[in-house]
1. Just to be sure I understand the filter: pairs with C-beta atoms under 7 Å, separated by 6 or more residues or on different chains, first member in the stretch 179-191 and hydrophobic (A, V, I, L, M, F, W, C), second member open to solvent by 80 Å² or more (accessible area, probe 1.4 Å) and part of a helix (DSSP H, G or I). Which pairs pass?
2. Which one of these does ARG236 not meet: (1) within 30 Å of LEU71 (Cα to Cα); (2) of a type outside the set (S, T, N, Q); (3) open to solvent by less than 50 Å² (accessible area, probe 1.4 Å)?
3. Please specify each residue of the stretch 298-328 satisfying the condition of being open to solvent by 50 Å² or more (accessible area, probe 1.4 Å) and touching a residue at least 60 places away in the same chain (Cβ under 8 Å).
4. What are the residues in the stretch 88-113 that are part of a strand (DSSP E or B), in contact with a Leu (Cβ under 8 Å, 6 or more places away or on another chain) and buried (at least 20 other Cβ atoms within 10 Å of the Cβ), if any?
5. What do you reckon, is ASP113 without any contact (Cβ under 8 Å) to a residue 60 or more places away in the chain and within 17 Å of VAL197 (Cβ to Cβ)?
6. Enumerate the pairs (first residue in the stretch 66-84 and closer than 24 Å to VAL209 by Cα; second residue anywhere and at pLDDT 95 or above and among the small types (Gly, Ala, Ser)) with beta-carbon separation below 6 Å, excluding pairs fewer than 6 apart on the same chain, so at least 6 apart or on different chains.
7. Which one of these is at pLDDT below 90 and of a type in the set (Ser, Thr, Tyr): SER237, SER231?
8. If you go through the stretch 201-209 one residue at a time, do you hit one that is at pLDDT below 90, among the acidic types (Asp, Glu) and either within 30 Å of ILE303 (Cβ to Cβ) or not in a strand (DSSP E or B) (or both)?
Amino acid sequence: MSDGNKSKKTLARRLAPLAVLVAGIIVARILAGGPPTPKTEVTPATPAQEAVYRLISPQQVPVVVSAYGKLDTRRTLELAAEVGGKIVATNDAYMVGNTVAANQVLLSLDDIDAKTEFARAQARLAEAEEQLANERGRGRQAKREWRDLGSDEANALFLREPQAHRVELAVTAAKADLRLAQRNIERLQIRAPFNAVIKSISADLGDYVNKATVVATLLDTSTLEVHLPLSPKQYRSLNFSPEDFAQGVPVMLHREQDSLAAKIYRTAAVVDSDTRLYTAIATIDPAANTKGWRIGEFLRADIPGTRSQAMLAVPPEAIYEQRFIRLINADNTLAMLPIEISHSDESAVYVKSKTAALAEPLRVIVSGLAVSAPGTPLQPIADSAQEPSTATPAPSANTEFNGVVEL
């Protein structure tokens, strides 16, 4: 090996550790520097949603208790035959669900037996009257005979007074039998005792019925009632007095979009032993039932109490999920106010706040929103349907709510 080759190998061996050291330094610097820093992206601001609002001020409204009950009748009657006989005729209205008037004939029974008994009663009366006439004649004859004997006094037996009295009683009994026979003929026609709806039918044309056999069940429609269960808290909040019941407590009954006025004149004297609920009884004048509400329909009743509370009268479209109304804060962001629906009428829904005291006007949103998250920026637009004099740019700062309102 030449001297030149030896020198090259020696130099390579000396430079190898230096190369390794330099490579290590480079790798260490790369690792210490970390990954490259990404470019910062600027998120564009969320555009404000348009929100149509109405400025609504709280108002003192009487506390209204809502209760639910079924439209019912005051009386249910099992109509029974008063005499026996075969049903030979029925009224066209004698069908389940039909309305019948007071004293209307529903069924007619065969009258042969009743008329035969009436004729027999007439004969018995005539016979008894004949006997009475005979006995009175005999009594007058006996009295003349006794006087002819020269005495003014005679015993009752000789004058046939007991016999005449017995026959007088027989005449009275015969007259009573005749009246009963006549009444039984009238009872062959089974009539509705009051204005009613036929709930069910137990006997029909061709059937034979005995005395006291139930032929139909009638629901009295002369007075309609709704029994409304109330919790002890609801009953106390109404705070009614006997004077209130004397003149009738007004109540509004609701069925879907229909309403009907009624009055409460009494409450049940007994608290339900199972539920511990009170019962108020609302009475409806049938003449006022012009919309044809039917017995058995489920109704909601709004009963006004004697105390008042701060409420908001909002349009139905302002109610969100039946639990909130959406408000516009002073900084034009969205807030959710938890509410409790008190009652409603033809113009508004009356709501109570569950969390915040209502004192100043609020901007209540009456339009739909794409996003209903609290804090969402909004672009307020006054509702054109509201009176211009009631609209203002924004409520004062102390009416601002942060998100879902909490106390």
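1. Short answer, once both residue conditions are applied: ILE185/LYS115.
2. Every listed condition holds for ARG236 apart from (3).
3. PHE298, ARG300, THR306, ARG307, SER308, GLN309
4. Across the stretch 88-113, the qualifying residues are VAL100, LEU106, LEU109.
5. no
6. Once the first residue is closer than 24 Å to VAL209 by Cα and sits in the stretch 66-84, its partners that are at pLDDT 95 or above and among the small types (Gly, Ala, Ser) give LEU79/ALA216.
7. SER237
8. no
The values are calculated or read from the model by the stated rules, or taken from the named source; none is laboratory data. It should be emphasised that the depicted structure is a prediction, and the values quoted were computed from it without experimental measurement. Neighbour counts are summed over all protein chains in view; Cβ atoms, including those assigned to glycine, are modelled from backbone coordinates with ideal geometry. Just the protein is used for accessible areas: all its heavy atoms, side chains included, with ligands, DNA and RNA removed. Shrake-Rupley method; radii C 1.70, N 1.55, O 1.52, S 1.80 Å.
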